[in-house]
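Read through the structure below, which is laid out as structure tokens, and then see the notes.
Any read-out appearing in this document is the output of simple, stated calculations on the displayed coordinates, not a laboratory observation. Because the structure is a prediction, the values reported are computed rather than measured. Ideal geometry is used to build each Cβ from the backbone, glycine not excepted, and the neighbour counts take in all protein chains shown.
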Amino acid sequence: MSDWDQAAWEKLSRTIVKGAEYNSRQRLPHPKCLEGTRADLLNHIYGLLDNPEKSQLIWLHGTAGVGKSAVAFTVAERMKRLKINQQTSSEKRLAGTFFFSRKYANRCMAGNLFATLVYQLACNFPSIKDDVMRAIRENPAILDLDTSLEDKMETLFLQPLRMLQLRLCGCPPLVFTIDALDECISKAEMVDLISVLGQALRDPDLPVTHILLTSRLEPHIHNAFEKEEVYPLVCEIP
């Protein structure tokens with residue numbers, strides 16, 4: 001790895017929100033579904049995540065305290081155990097996770113979400129690491145909080161995933177998990193994030209990719225999922 005690449009990777013590693021990963025120590029004790037509980041719901045979600053036909057935005061919503069985060073953790077944990085195919089020993093179906101929380105300043109905003117996801121993606125698929133570092137070298141400002149979510153999505157989400165299309169041909173879909181979107185302090189960011197995720201999943205050059213997103217049922221979130229360009233991708237689980 002060149003010094004330039006090393007510098008780009010170190011900058012990315014300083015930018016990511018480590019506490020937002022599903023199994024971070026910051027989130028201890030990890031809420032999870034106990035063995036044998038929520039079986040019907042989990043099996044329904046697993047079935048959706050196994051759908052190889054098209055990318056989906058799977059929206060699990062409910063009131064506070066009903067166990068959405070436990071479901072999100074349990075799903076992420078399962079996807080982390082599943083290999084992308086039988087020929088690999090390390091590449092897993094879990095592509096990345098981000099668990100929002102208003103308790104922590106860097107987990108209640110979406111500005112570093114895509115940086116956090118691409119870091120996890122590149123760790124899971126080292127073949128894209130050089131391309132990710134080159135993109136950061138060419139545009140260091142892509143990691144700035146003030147850079148638009150759409151630009152971050154294009155550089156740190158779409159482009160890396162496009163590189164995996166041929167590699168993942170015939171493989172089960174990748175899975176991202178985003179929990180507690182309503183914990184983001186900016187309603188505008190929530191709406192913007194749903195919009196750019198929908199934009200990403202409509203890309204024809206993307207490998208089939210599913211995003212499990214949980215939140216409370218709040219009007220601005222519901223309206224964002226109802227938008228014409230997002231709604232066809234949405235599988236809603238009340």
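Just checking the listed ones, Leu213, Leu113, Leu168: in the Gaussian network model of the chain with Cα springs under 10 Å, the one fluctuating most is Leu168.
If a/c stays under 1.5 just call it rounded; otherwise compare a/b with b/c (prolate if a/b is bigger, oblate if not). Do that for segment 176-221, with a ≥ b ≥ c from the square roots of the Cα gyration tensor eigenvalues. The shape class here is prolate. Peptides 116-127, 9-20, 227-238 ordered by packing proxy, namely the average of other Cβ atoms within 10 Å per residue, highest first: 116-127, 9-20, 227-238. Look at Leu166, Leu60 and count the other Cβ atoms within 10 Å of each Cβ; fewest to most, that gives Leu166, Leu60.
Cα-Cα over 31 Å: which of Lys54/Lys103; Lys18/Lys83; Lys32/Lys103?
Lys54/Lys103
Remark: Asp3, Asp130 ranked as Asp3, Asp130, counting other beta-carbon atoms within 10 Å and listing the fewest first. Put a dot 7 Å past the Cα of Cys235, heading toward its Cβ, do the same for Gln26, and the two dots end up 3.0 nm apart. Segment Gln86..Glu228, full-extension length gain: 47.3 nm, with 0.36 nm per residue of separation and the alpha-carbon distance subtracted. Dipole of the chain computed with +1 at Lys/Arg Cβ and -1 at Asp/Glu Cβ about the Cα centre; of Val66, Leu166, Ile128, farthest Cα towards the positive end is Val66. Summarising the strand pairing of the chain, around 5 percent of its internal DSSP beta bridges are antiparallel.
For the pair Arg78 and Ala188 in one chain, pulling the backbone fully straight at 0.36 nm per residue adds 36.4 nm over the alpha carbon distance. Placing +1 on each Lys and Arg Cβ and -1 on each Asp and Glu Cβ, with no other charges, gives segment 156-224 a dipole about its Cα centre of roughly 280 debye. The simple spin-label model puts a point 7 Å past each Cα toward its Cβ; for Glu150 and Arg162 those points are separated by 1.6 nm. Distance from the C-alpha centroid of segment 23-53 to that of segment 70-99: 11 Å, rounded to the whole angstrom.
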